[in-house]
Amino acid sequence: MAIKEKLKVMVVDDHVTSRMVTVEGLRTLGIANIAVSSGGREAFLAMVNSPVHLLITDLHMPDIDGFKLIYVVRNHSKIGKTAAIILTGKKDQAAVDGATKLGVNDVLSKPFSQPGLKSAIESIFGAID
């Protein structure tokens, strides 16, 4: 069985269009086991109840931002090893530095490309096909 058939992903973004674009990008790659959330707090609780392999989160959200979400995930005994990719409209050095300090696996600029998304996922899990 290919990795893409086993992979569980949580997509977190406060903008519905961005969530839909990310989910569609994952589905195009053949990843179907996708949970979605409109905010960090809701995503964290969902992940504790049903862990995922990969968290893809927006950086800027109103309730808790992507950095805070990843911080609480990384410090939770049950889900602390979850892989993480941050999506941001502004991939500046501060975002990259903050992500690196938290152990984020990759930072992608919005809008991301399909090959870029696939490359980011494969850099974590290996070939997904």
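None of the figures in this text is laboratory data; all of them are computed from the coordinates on show. Predicted model, so just to flag it, every value in this text is computed and none were measured. A quick note on method: Cβ atoms are made from the backbone with ideal geometry, for glycine too, and the neighbour counts reach across all protein chains shown.
Quick notes on this one:
- Scanning the range 15-31 for residues that are in contact with a strand residue (DSSP E or B) (Cβ under 9 Å, 6 or more places away or on another chain), crowded, with 16+ Cβ neighbours inside 10 Å and assigned to a loop (DSSP other than H, G, I, E, B) returns a single hit, Ile31.
- Condition check for Ile70: out of contact with any Phe, Trp or Tyr (no Cβ under 9 Å at 6 or more places or on another chain), under 19 Å from Val52 (Cα atoms) and crowded, with 19+ Cβ neighbours inside 10 Å: yes
- Val52 vs. criteria among the β-branched types (Val, Ile, Thr) and surrounded by 20 or more Cβ atoms within 10 Å (Cβ to Cβ): yes
- Filter result for Val52 (under 13 Å from the mean Cα position of the chain (by Cα), part of a loop (DSSP other than H, G, I, E, B), under 17 Å from Ile3 (Cα atoms) and aliphatic (A, V, I, L, M)): yes
- Scanning the range 80-112 for residues that are surrounded by fewer than 19 Cβ atoms within 10 Å (Cβ to Cβ) and within 14 Å of Val52 (Cα to Cα) returns Gly80, Lys81.
Table: residues versus (1) in contact (Cβ under 8 Å) with a residue 60 or more places away in the chain; (2) in contact with a Gly (Cβ under 8 Å, 6 or more places away or on another chain).
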| position | (1), (2) |
| --- | --- |
| Lys4 | yes, yes |
| Asp13 | yes, no |
| Thr28 | yes, no |
| Ile31 | yes, no |
| Pro51 | no, no |
| Asp58 | no, yes |
| Ser77 | no, no |
| Gly103 | no, no |
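- Count - residues of the range 113-129 that are small (Gly, Ala, Ser), loosely packed, with under 11 Cβ neighbours inside 10 Å and free of Cβ contacts under 8 Å to residues at least 12 places away in the same chain: 0
- Only residues that are touching a strand residue (DSSP E or B) at 6+ places or on another chain (Cβ under 6 Å) and either among the aromatic types (Phe, Trp, Tyr) or not in a strand (DSSP E or B) (or both) were counted in the range 57-105, giving 11.
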